[in-house]
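> The structure follows.
The values are calculated or read from the model by the stated rules, or taken from the named source; none is laboratory data. In this text, all values refer to a predicted model and were calculated from it rather than measured experimentally. FYI the Cβ positions are ideal-geometry reconstructions off the backbone, even for glycines, and counts take in every protein chain you see.
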Ligand SMILES: [Zn+2]
């Protein structure tokens, strides 16, 4: 046999042909988020519920499926666009924190669709570029998409490997960026092509955006209880990105700006726990603010239980994105901890071990 076969899967399709890890591990038997006891081993890159010979015990007392950042922008660094190599390095760095699955929901010039999967790189689900018309998103890293080009632009991203499409359904004002019929047409075309739609929706038009059939609401800070009910019924996920919206305002921010932030944060506080209780899938996502652990802390501070917040960053997010968690035959993505992160989320900042696809990377 010659060189190891290298997967050239772009755009985040989980590769089937990355060289299998030969490492053998036994993971800690307290499985989070729920904490049930179960003996689990790793061989050939996958979990096994049957004992594996010559397996070494991973350090740590608690095992959590690989963490998920469901709203990332790996091709932005300090609000500046970066090219594919730096975006790849940013993705790789997340692995060291135990973030082993990343949904990237917007990259300047679609550079995330050129990231090539390789061993040790967290799994990436990339949407490519943002879809927004001229004047409706940050000009410095946005190529405008006028309404009549919306569907063709989306399908071009799908053709390049995107499994999600990101539409900026609203932005600086309450007015929708594309009318409801255009949004509905976009969703239908993207679904027909086998991909899903994530919508940036921060104002009250979110109810029309949900009605258009999108699959996840990003931010959703002006959601209302009735729209949350529709999301629960239809299986629409919510990525609140609390850390981003709770960013301290600049010292010279106007009283109106401060009041607006207070109203949005109050609304999050009012709706988050009921949304989870009604069955809306909550996703932990960092956007451009803080770490995933910061977001998990925010989810708890705004009303989720620690177990719900951990599910938003692991099992629930993985299931929603079509990736398995800890179970027989599943790809072995796991993070271990000495201390119980349900008791103190600070434990999440100190992984004892990180294993991705059966290979220990930290
Ligand atoms: Zn974002």
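> Scan 154, 195, 107 and give me the residue that is within 16 Å of the ligand (Cβ to nearest atom), within 22 Å of the chain's Cα centre (by Cα), under 23 Å from residue 239 (Cα atoms) and buried (at least 19 other Cβ atoms within 10 Å of the Cβ).
On the way: 154 fails: within 16 Å of the ligand (Cβ to nearest atom); 195 fails: within 16 Å of the ligand (Cβ to nearest atom).
Result of the check over 154, 195, 107: 107.
> While we're here: Which one of these does residue 265 not meet: (1) buried (at least 19 other Cβ atoms within 10 Å of the Cβ); (2) in a helix (DSSP H, G or I); (3) touching a helix residue (DSSP H, G or I) at 6+ places or on another chain (Cβ under 9 Å)?
(1)
> Follow-up. Among the residues that make up the stretch 138-148, is at least one of them in contact with a strand residue (DSSP E or B) (Cβ under 7 Å, 6 or more places away or on another chain) and surrounded by fewer than 23 Cβ atoms within 10 Å (Cβ to Cβ)?
At the first step, the residues of the stretch 138-148 found to be in contact with a strand residue (DSSP E or B) (Cβ under 7 Å, 6 or more places away or on another chain) are 141-142, 145.
Remaining after also requiring surrounded by fewer than 23 Cβ atoms within 10 Å (Cβ to Cβ): 141-142.
Yes, the stretch 138-148 contains a residue that is in contact with a strand residue (DSSP E or B) (Cβ under 7 Å, 6 or more places away or on another chain) and surrounded by fewer than 23 Cβ atoms within 10 Å (Cβ to Cβ).
> On the given criteria, is residue 181 at pLDDT 95 or above and assigned to a loop (DSSP other than H, G, I, E, B)?
It is false that residue 181 is at pLDDT 95 or above and assigned to a loop (DSSP other than H, G, I, E, B).
> All but one of (1) crowded, with 24+ Cβ neighbours inside 10 Å; (2) within 16 Å of the ligand (Cβ to nearest atom) hold for residue 78; which doesn't?
(1)
Yes or no, residue by residue, for (1) within 16 Å of the ligand (Cβ to nearest atom); (2) at pLDDT 95 or above; (3) touching a strand residue (DSSP E or B) at 6+ places or on another chain (Cβ under 9 Å):
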{"position": "94", "(1), (2), (3)": "yes, yes, yes"}
{"position": "111", "(1), (2), (3)": "yes, yes, yes"}
{"position": "119", "(1), (2), (3)": "no, no, yes"}
{"position": "123", "(1), (2), (3)": "no, yes, yes"}
{"position": "132", "(1), (2), (3)": "yes, yes, yes"}
{"position": "160", "(1), (2), (3)": "no, yes, yes"}
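> Against the condition assigned to a loop (DSSP other than H, G, I, E, B), more than 24 Å from residue 100 (Cβ to Cβ) and either out of contact with any helix residue (DSSP H, G or I) (no Cβ under 7 Å at 6 or more places or on another chain) or within 16 Å of the ligand (Cβ to nearest atom) (or both), how does residue 257 come out, does it pass?
no
> Within the stretch 279-293, count every residue that is within 15 Å of the ligand (Cβ to nearest atom), part of a helix (DSSP H, G or I) and in contact with a helix residue (DSSP H, G or I) (Cβ under 6 Å, 6 or more places away or on another chain).
Final tally of qualifying residues: 0.
The rows are residues; the columns are (1) under 12 Å from residue 64 (Cα atoms); (2) more than 16 Å from the ligand (Cβ to nearest atom); (3) assigned to a helix (DSSP H, G or I).
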{"position": "304", "(1), (2), (3)": "no, yes, no"}
{"position": "311", "(1), (2), (3)": "yes, yes, yes"}
{"position": "325", "(1), (2), (3)": "yes, yes, no"}
{"position": "328", "(1), (2), (3)": "no, yes, no"}
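> I'm checking my understanding of the structure. Among residues of the stretch 217-240 that are on the phi > 0 side of the Ramachandran plot and in contact with a helix residue (DSSP H, G or I) (Cβ under 8 Å, 6 or more places away or on another chain), which one is farthest from the ligand (Cβ to nearest atom)? Give the derivation first.
So in the stretch 217-240, the residues on the phi > 0 side of the Ramachandran plot come out as 219-220, 235.
Going one step further and asking which of them are in contact with a helix residue (DSSP H, G or I) (Cβ under 8 Å, 6 or more places away or on another chain), we end up with 219-220.
Values: 219: 8, 220: 12 Å.
The selected residue is 220.
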